[in-house]
There are 2 protein chains.
Amino acid sequence: MITILKGNIISADKINEFKIFKDSFLVAEDGKIVGIFEKLPQKYKDEKVEDYGNKLIFQAFSDMHLHGPQYAMLGTGLDLQLLDWLNTYTFPVEAQFKDQELARDVYQKLAKELVRNGTTRVCMFSSTHVDSTLILMEELDKAGISGYVGKVNMDRNGGKNYQETTEESLKETKRWLAKCNFKNIKPIITPRFTPACSDELLKQLGKIAIKSELPIQSHLSENKNEIEWVKKLCPDSKEYWETYKKHKLWTNKTLMAHCVHSTESELEAIKKAGVYVVHCPSSNQNVISGYAQVKEMLNKGVRVVLGSDIAGGDHISMFENIVDAIKVSKGNHYNSNYKIPFLTVEEAFYLATSASAPFFNERPGLAKNNVLNVIILDDSNLPFTDKLSIKERFKRAIYTRQKDAIVAVYNGVKIY
Amino acid sequence: MITILKGNIISADKINEFKIFKDSFLVAEDGKIVGIFEKLPQKYKDEKVEDYGNKLIFQAFSDMHLHGPQYAMLGTGLDLQLLDWLNTYTFPVEAQFKDQELARDVYQKLAKELVRNGTTRVCMFSSTHVDSTLILMEELDKAGISGYVGKVNMDRNGGKNYQETTEESLKETKRWLAKCNFKNIKPIITPRFTPACSDELLKQLGKIAIKSELPIQSHLSENKNEIEWVKKLCPDSKEYWETYKKHKLWTNKTLMAHCVHSTESELEAIKKAGVYVVHCPSSNQNVISGYAQVKEMLNKGVRVVLGSDIAGGDHISMFENIVDAIKVSKGNHYNSNYKIPFLTVEEAFYLATSASAPFFNERPGLAKNNVLNVIILDDSNLPFTDKLSIKERFKRAIYTRQKDAIVAVYNGVKIY
């Protein structure tokens, strides 16, 4: 199967540079990119070209941290800080996902809306419920989305009707893993966070992750009270990250959301292990966690990717989250008396796309052999288009974040 | 002409409270609100009812500070601070609005997009050009928008091809005022800001404002360098605000955008005169001006309204600007070690709607005799609707800020 897309192509090969191919051809075979060409190679001359004219063609988004069931509570209850917010709003909502019919409805709508916003890859938390987690995986897979979903494990400090015993949690995890059989959605080991997981649970999850060669996702150093709590719960760990490291949950396929208050030594440990920091700027603002020092992390060589973190975050559009990441970093710039530089549009877009390429065993940008994973956007409702360069139009497209300007989305095949 | 809208009606009568009328009737005669009724009064029983079912009906938005010509540069060039940003990007773009054809194209698209986003009232800066300003007023008026537009005055420190002499500026202002004859769009005196206006120009503009009983809009204490510059330019004024006050441009129909760095005494002067502060959170973040202390202003009794300030701001949707206002205020909360409270959703929505009611000679909320100025929003693409209260659904609708969920907009008559 050959796919040829024609238009103005943008590829984020490097973190601070857009590569622009005006009026060019993006060619894929069997859903994998062959190359970008100014002139269509002779061998494709008889193939059908999807001509997108003056539109913009660019990498689709990876949302590397979000909570599927919390889509039900999007934009509500954002008046508390993390720990109170979890107990008051989040756990009671997640507990309802025992109901598979409810789960089906929410997850169908979520999958549709993700695609509609150009998000084609996810690393997502489900709830503790195995059968609803399988429904979530099925719905994402059917919608053409790739990535990872995790059944949440939590055997302490949960809410009413929302806590497992250690045994249940492990038994259910095994039942879930045995049933995971989807084309593009794979399982990921998902201890909620240290305050919700006993040492024994973390230990056994670490063993499962190694045995089944699975990636891992959790939360780290999001909120000051949370960090103090972890210190009390785990007196034998000097720093929060060690509570994961101790149980072999600290690998180069581990995603740690937030890292707002990570110390120098925690960041050093993150870098050394190749752990990914998932920056969630919208959530950090909404539940008033603080401001992650992303620019400094990048300067240190830490791997940073972007997450919407709904429903601490308020929007699944990664356009929105890119703009939030820039604004938050400008806050750090301002508060450092203009010393710490802020994220450029190029950098923030890279975090939402190419930065997660190694997690999916790919290379940054629209590289050869990567999956054809693109958005086509029509900015013709905006003025001045003929006076702007492709790069300016693209930056404007990011800032104007118009869902309705997305006219097509590909993830291997056309999914919207 | 009788209009009857049926649905779930929300009215922001007070700053920290939504009044909710489930499944009720909003009745207007000749485009003015008569009342909200749980049961339709007998006298209207034969009138046609626009039944919006389970949808949300709420006040449309007032954008109290934005620059029409800068719509052309939306989301571009946001990598500099205010004064450099003006000289590098803004003045060269505004200078192009001498071209009336270009102006027509940009302003038609802007007017359409404002309505599409539920903004029905504006206080807007045009460029210095009289004929293009009249085009802007005409296009807004045709689109059904109400409010004020100002020809910009600037006789110093402009860009190449973008500065008037004092005489020209005044002569052109008079020519413009003589030609303003639109149904719902009125003129407003618009000195750009003190650094761009000589004493003589400000003095004469003050006289025109008094003589013609016109409101006034300008900028105040947006950026630290700007404030220092004003001090040098106007050594006889102790504080920035006095440069306006001195020339009678400081009234209870004056809008001052930003006030990020206003001192206690400046805020006191604002309060005393009844000047409106237009808070522009998106712009303040983008051009890294700093963080206005809105909650403290409100506590002092200062009148605060909301503005998108495109294209320092990046989005004309007031949903976006409401969410930005909350996030910025949460930053102030965090940075004050959780001492200064943050804006609630109720408060931020009020700033974007009811807070400007007195400027338009109305009362807050969907009050009797106010213009029927509402948005109808369909949130049925989101899950869980039957489990949420109307208030929760409304807050979610604000946070999810879906343009495509807006199904109708009224400003006296139906305009979308």
Would you pick out the residues in region B:399-416 that are in a helix (DSSP H, G or I) and out of contact with any Gly (no Cβ under 7 Å at 6 or more places or on another chain)?
B:LYS403, B:ASP404, B:ALA405
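Tell me which helices (runs of 4 or more DSSP H) are completely within region B:198-280 and hold 1 or more residues being touching a residue at least 60 places away in the same chain (Cβ under 8 Å) and touching a helix residue (DSSP H, G or I) at 6+ places or on another chain (Cβ under 8 Å), or say none if there are none.
Working: elements: B:199-212, B:224-233, B:240-245, B:264-273.
Ranges flagged: B:224-233.
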How many residues does region B:101-123 contain that are buried (at least 18 other Cβ atoms within 10 Å of the Cβ) and either touching a Ser or Thr at 6+ places or on another chain (Cβ under 7 Å) or more than 10 Å from chain A (Cβ to nearest Cβ) (or both)?
11
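Scan B:GLU164, B:GLU200, B:GLU172 and give me the residue that is modelled with pLDDT of 95 or more, of a type in the set (Asp, Glu) and surrounded by fewer than 17 Cβ atoms within 10 Å (Cβ to Cβ). Show your work before the answer.
On the way: B:GLU164 fails: surrounded by fewer than 17 Cβ atoms within 10 Å (Cβ to Cβ); B:GLU172 fails: surrounded by fewer than 17 Cβ atoms within 10 Å (Cβ to Cβ).
Answer to the check: B:GLU200.
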Taking region B:399-416, which residues are closer than 24 Å to A:PRO69 by Cβ and more than 7 Å from chain A (Cβ to nearest Cβ)?
B:ARG401, B:GLN402, B:ALA405
Looking at the structure I just gave you, is B:LYS98 assigned by TED's automatic domain parsing to the domain that holds B:LYS186, within 20 Å of B:ASN161 (Cβ to Cβ), at pLDDT 95 or above and open to solvent by 10 Å² or more (accessible area, probe 1.4 Å)?
yes
Can we say A:ASP314 is within 13 Å of the chain's Cα centre (by Cα), among the charged types (D, E, K, R), within 29 Å of A:GLY68 (Cβ to Cβ) and in the same structural domain as A:THR90 (by TED's automatic domain parsing)?
no
Of the residues in region B:338-367, those that are open to solvent by less than 10 Å² (accessible area, probe 1.4 Å) and either within 14 Å of another protein chain (Cβ to nearest Cβ) or more than 24 Å from the chain's Cα centre (by Cα) (or both) come to B:LEU343, B:ALA348, B:PHE349
Sort through A:VAL230, A:VAL277, A:VAL302 and tell me the only one that's assigned by TED's automatic domain parsing to the domain that holds A:ARG192, under 13 Å from the mean Cα position of the chain (by Cα), crowded, with 18+ Cβ neighbours inside 10 Å and β-branched (Val, Ile, Thr).
A:VAL277
Please find, within region B:368-389, the residue that is farthest from the other protein chains (Cβ to nearest Cβ) out of those that are in contact with a strand residue (DSSP E or B) (Cβ under 7 Å, 6 or more places away or on another chain) and part of a loop (DSSP other than H, G, I, E, B).
B:ASN369
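Which of the residues spanning region B:38-84 are part of a loop (DSSP other than H, G, I, E, B), more than 14 Å from chain A (Cβ to nearest Cβ) and open to solvent by 10 Å² or more (accessible area, probe 1.4 Å)? Before the answer, list the steps.
Pass one, region B:38-84, residues part of a loop (DSSP other than H, G, I, E, B): B:38-41, B:45-49, B:60, B:74-81.
Adding the requirement that they be more than 14 Å from chain A (Cβ to nearest Cβ) leaves B:38-41, B:45-49, B:60.
Of everything in region B:38-84, those that are part of a loop (DSSP other than H, G, I, E, B), more than 14 Å from chain A (Cβ to nearest Cβ) and open to solvent by 10 Å² or more (accessible area, probe 1.4 Å) turn out to be B:GLU38, B:LYS39, B:LEU40, B:PRO41, B:LYS45, B:ASP46, B:GLU47, B:LYS48, B:VAL49.
Could you count how many residues in region A:311-323 are more than 8 Å from chain B (Cβ to nearest Cβ) and charged (D, E, K, R)? Give the derivation first.
At the first step, the residues of region A:311-323 found to be more than 8 Å from chain B (Cβ to nearest Cβ) are A:311-313, A:316-322.
From what is left, the residues that are charged (D, E, K, R) are A:320.
Residues meeting the conditions: 1.
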Which count do you get for residues in region B:316-337 that are open to solvent by less than 10 Å² (accessible area, probe 1.4 Å) and in a loop (DSSP other than H, G, I, E, B)?
2
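Okay, residues lined up against (1) over 17 Å from A:ARG393 (Cβ atoms); (2) of a type outside the set (A, V, I, L, M, F, W, C):
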| position | (1), (2) |
| --- | --- |
| A:ILE9 | no, no |
| A:LYS14 | yes, yes |
| A:SER24 | no, yes |
| A:LYS32 | yes, yes |
| A:ILE36 | yes, no |
| A:LYS48 | yes, yes |
Any chance region B:354-362 includes a residue that's in contact with a Lys or Arg (Cβ under 8 Å, 6 or more places away or on another chain) and outside any helix (DSSP H, G or I)?
no
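The values are calculated or read from the model by the stated rules, or taken from the named source; none is laboratory data. Keep in mind the model is a prediction, meaning the values are calculated, not measured. Note that we place each Cβ from the backbone using ideal geometry, even for glycine, and neighbour counts take in every protein chain shown. Surface accessibility is based on the protein's heavy atoms, side chains included, excluding ligands, DNA and RNA. Shrake-Rupley method; radii C 1.70, N 1.55, O 1.52, S 1.80 Å.
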